[in-house]
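The values are calculated or read from the model by the stated rules, or taken from the named source; none is laboratory data. Since this is a predicted model, take the numbers as computed values, not measurements. Cβ placement follows ideal geometry from the backbone for every residue including glycine, while neighbour counts extend to all protein chains displayed. When the accessible area is computed, the model is the full protein with side chains, heavy atoms only, and any ligands, DNA or RNA have been set aside. Shrake-Rupley method; radii C 1.70, N 1.55, O 1.52, S 1.80 Å.
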Amino acid sequence: MLVLENIHTHYGKIEALHGVSVEIKKGEIVSLIGANGAGKTTLLMTVCGDPQASSGRVLFQGEDITHKPTAQIMRSGIAIVPEGRRVFPGLTVEENLHMGGFFTSKQEVRRSQDHVFELFPRLKERRNQRAGTMSGGEQQMLAIGRALMTKPEMIILDEPSLGLAPLIIKQIFEIISSLRDEGITVFLVEQNAKQALKLADRGYVLETGRIRLEDSGANLLANEDVQKAYLGG
Amino acid sequence: MVAQNFRHALFCAFITLIISYPILGLNLEARGVSITLTGAETQTYVGIALAVVIVFLFQLFRPAIMETLGQVKAINPMINREPMPQEKRVKFERFALILIVLGAMFWPFIASRGAVDLATLVLIYIILGLGLNVVVGLAGLLDLGYVAFYAVGAYTFGLLFQYYGFSFWMSLPIGALLAATFGFVLGFPVLRLRGDYLAIVTLGFGEIIRILLNNLTDLTNGPDGIGGIPDPTLFGMEFGRRVKIEGNTSFHEVFNIPYDSAHKVIFLYLITLILAVFTLLVIRRLIRMPVGRSWEALREDEIAARSLGLSRTAVKLSAFTIGAFFAGFAGTIFASKQGFISPESFVFLESAIVLAIVVLGGMGSQLGVILAAIAVTILPELAREFSEYRMLVFGAAMVLMMVWRPQGLLPMTRVHINLKKQEAGVTDHA
């Protein structure tokens with residue numbers, strides 16, 4: 001579904017990604033783990049076209065999107081839940097969701113909204129509350145819900161567990177696994193390696209701009225190097 | 001604590017002294033070619049001493065004084081009132097707007113000529129305020145050079161009249177569209193900028209336009225400005241005593257009524273009112289349309305807005321262009337009202353006043369902008385009694401306003417768009 005071929009990305013003169021290749025197949029959950037500064041977020045941003053890759057290709061459903069403008073990429077069936085949730089704080093829950101359905105018809109917005117409320121009953125309770133006044137976990141649910149409103153084929157999650165309590169993290173990961181049951185492909189970028197790999201069909205380990213390891217989630221969890229570096233021994 | 005307060009108070013008093021003494025206490029007198037330094041009258045010295053003592057005492061007892069002021073805040077009857085429920089507020093706002101427009105329609109027939117003239121100026125500021133509200137209040141782009149578009153509108157009319165004899169009605173759409181084009185063009189370099197950087201670039205743009213107008217002497221007549229700009233006509237009828245442009249008729253002759261100079265003022269007022277209402281309705285509609293929601297999304301969180309597939313370029317450019325369009329509108333009316341324009345009318349202060357209107361009114365709120373425009377234009381007129389302290393009173397009123405009601409006169413009511421459960425289709429509480 002999403003193929004990254006030998007991607008190099010620069011910030012000005014600094015090269016952040018040194019030839020990264022990643023493949024995500026339809027219906028999979030793929031986790032990308034790595035330490036701070038490894039280039040995880042850069043990789044995601046390259047998929048979104050900001051910054052664009054300086055060499056290499058990004059293919060989505062067989063189409064080359066490397067040099068397409070961000071707005072166009074985001075409308076072509078990829079949804080991203082940005083790092084730090086990024087809900088519209090002054091808008092209500094419902095309005096946030098409607099922003100997600102900005103480019104779809106009204107009937108469809110209604111249908112997807114009902115669906116999101118089914119997935120997250122909590123959001124339904126709070127539909128008229130301002131998003132900025134909700135708890136971190138609720139905001140994360142809203143951010144995921146908002147991304148689902150765009151009717152994506154694939155959803156990219158950037159650090160969904162960031163700054164959340166362990167109990168909430170568990171809940172969020174349950175939701176992510178339920179997304180797969182809906183037929184949505186999931187690309188998960190996480191520092192919380194244990195949870196992310198447990199959930200994933202396959203995983204990649206990114207280190208200083210290069211893919212270090214690539215294997216099934218279970219194998220990576222069992223891998224000694226990964227355990228030492230990311231799972232605390 | 002007390003010792004620290006005392007030291008602080010002493011320091012402040014000292015600063016007051018060294019600032020006020022040279023400015024007020026010393027006079028330069030020219031005697032022939034030489035200049036001598038003389039002291040001021042005793043009265044002035046007493047005044048300075050008094051000011052120093054007041055500053056000293058205020059700083060010494062500041063905690064106590066501020067606490068009392070805080071209690072004044074509690075006296076404010078609005079402060080403890082429950083916020084109105086959303087639906088009621090939206091209804092209230094609509095009701096208030098209709099009331100204001102109706103009142104404005106009858107205003108020229110009950111008020112004096114000067115009052116109508118002032119009301120026309122208020123309406124021009126309302127149009128400007130509503131336009132800038134789109135850029136600053138809704139899209140969250142701080143624009144300090146808004147007056148440039150106002151100038152473009154005014155000069156378009158002035159120049160088209162001077163060189164080609166265009167009338168008000170022909171120039172009005174051209175002026176607005178040209179201003180919109182300038183807004184669009186300015187939009188490009190500022191696409192990547194936010195906040196302070198954006199403010200500086202727009203500030204520079206405002207100055208560039210003014211300085212260009214000042215120095216393109218061949219075209220714009222430089223600082224001397226353009227005069228003799230005609231008033232609007234009503235289907236070819238002029239409002240002057242005599243017909244100025246061939247082919248036109250005069251209003252009082254057609255209707256066979258005695259000439260009255262007030263006709264012209266009232267007519268201009270009514271035109272401005274119609275255009276202001278037009279501006280209000282168009283922007284009101286836009287806010288409820290997807291483009292309005294995309295402005296707000298961009299203001300709330302740019303990254304999130306982009307992650308949903310909104311194009312930053314399109315959203316910003318549309319906000320700038322539409323804001324500039326209405327400034328061009330206001331500029332054309334202004335040129336017609338004054339009959340004379342020069343770069344002097346388009347200084348930074350004008351941008352600042354319009355921005356103050358938007359902020360005072362409550363960012364994004366249309367009713368608030370209208371009330372603030374009335375307040376900001378009328379207040380200096382009312383304060384004329386204080387003669388030279390006029391602007392001081394005005395400034396103090398603004399400071400107090402921001403202390404007591406930082407969210408503005410009437411903070412924006414967010415429009416709900418409810419999707420009905422049963423039937424498809426959208427209802428909005430317009």
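Is at least one residue of segment B:359-372 closer than 30 Å to A:Q140 by Cβ, within 14 Å of chain A (Cβ to nearest Cβ) and part of a helix (DSSP H, G or I)? No; the residues of segment B:359-372 include none that is closer than 30 Å to A:Q140 by Cβ, within 14 Å of chain A (Cβ to nearest Cβ) and part of a helix (DSSP H, G or I). Taken over segment A:214-233, residues that are modelled with pLDDT under 85 and surrounded by 16 or more Cβ atoms within 10 Å (Cβ to Cβ) amount to 2. Quick check: is even one residue across segment A:83-98 in contact (Cβ under 8 Å) with a residue 60 or more places away in the chain, within 15 Å of the chain's Cα centre (by Cα) and at the interface with chain B (Cβ under 7 Å from one of its Cβ atoms)? No, that holds for no residue. Within segment B:148-171, the set of residues being touching a residue at least 40 places away in the same chain (Cβ under 8 Å) and open to solvent by 10 Å² or more (accessible area, probe 1.4 Å) comprises B:V152, B:T156, B:L159, B:F161, B:Q162, B:G165, B:S167, B:W169.
The residues of segment B:190-213 that are under 17 Å from B:T156 (Cβ atoms) and touching a Pro at 6+ places or on another chain (Cβ under 8 Å), listed by number, are B:R210, B:L213. Per the conditions (1) in contact with a Ser or Thr (Cβ under 9 Å, 6 or more places away or on another chain); (2) assigned to a helix (DSSP H, G or I), the sole criterion not satisfied by A:L167 is (1).
In this structure, B:T313 qualifies as modelled with pLDDT under 95, in a helix (DSSP H, G or I) and open to solvent by 40 Å² or more (accessible area, probe 1.4 Å). Comparison of A:E118, A:E108 shows that the only residue that is more than 14 Å from chain B (Cβ to nearest Cβ), farther than 21 Å from A:D158 by Cα, in a helix (DSSP H, G or I) and acidic (D, E) is A:E118.
Which of the following residues is at pLDDT 90 or above, in contact with a Phe, Trp or Tyr (Cβ under 9 Å, 6 or more places away or on another chain) and surrounded by 14 or more Cβ atoms within 10 Å (Cβ to Cβ): B:V354, B:V347, B:V376? Outline the logic, then answer.
Values: B:V347 fails: in contact with a Phe, Trp or Tyr (Cβ under 9 Å, 6 or more places away or on another chain); B:V376 fails: at pLDDT 90 or above.
When all the criteria are applied, what remains is B:V354.
Do we find a residue being touching a residue at least 40 places away in the same chain (Cβ under 8 Å) and within 8 Å of another protein chain (Cβ to nearest Cβ) anywhere in segment A:59-76? So far as segment A:59-76 goes, yes, one or more of its residues are touching a residue at least 40 places away in the same chain (Cβ under 8 Å) and within 8 Å of another protein chain (Cβ to nearest Cβ). Would segment B:220-241 turn up any residue that is closer than 30 Å to B:S294 by Cα, crowded, with 19+ Cβ neighbours inside 10 Å and in contact (Cβ under 8 Å) with a residue 12 or more places away in the chain? Taking every residue of segment B:220-241 in turn, none turns out to be closer than 30 Å to B:S294 by Cα, crowded, with 19+ Cβ neighbours inside 10 Å and in contact (Cβ under 8 Å) with a residue 12 or more places away in the chain.
Scan segment B:191-218 residue by residue and report those that are in contact (Cβ under 8 Å) with a residue 40 or more places away in the chain, open to solvent by 50 Å² or more (accessible area, probe 1.4 Å) and among the aromatic types (F, W, Y). Result: no residue meets the conditions.
Within segment B:246-258, identify whether any single residue is touching a residue at least 60 places away in the same chain (Cβ under 8 Å) and assigned by TED's automatic domain parsing to the domain that holds B:R113, and answer yes or no. Give the derivation first.
Initially, segment B:246-258 is screened for residues touching a residue at least 60 places away in the same chain (Cβ under 8 Å), giving none.
Within segment B:246-258, not a single residue is touching a residue at least 60 places away in the same chain (Cβ under 8 Å) and assigned by TED's automatic domain parsing to the domain that holds B:R113.
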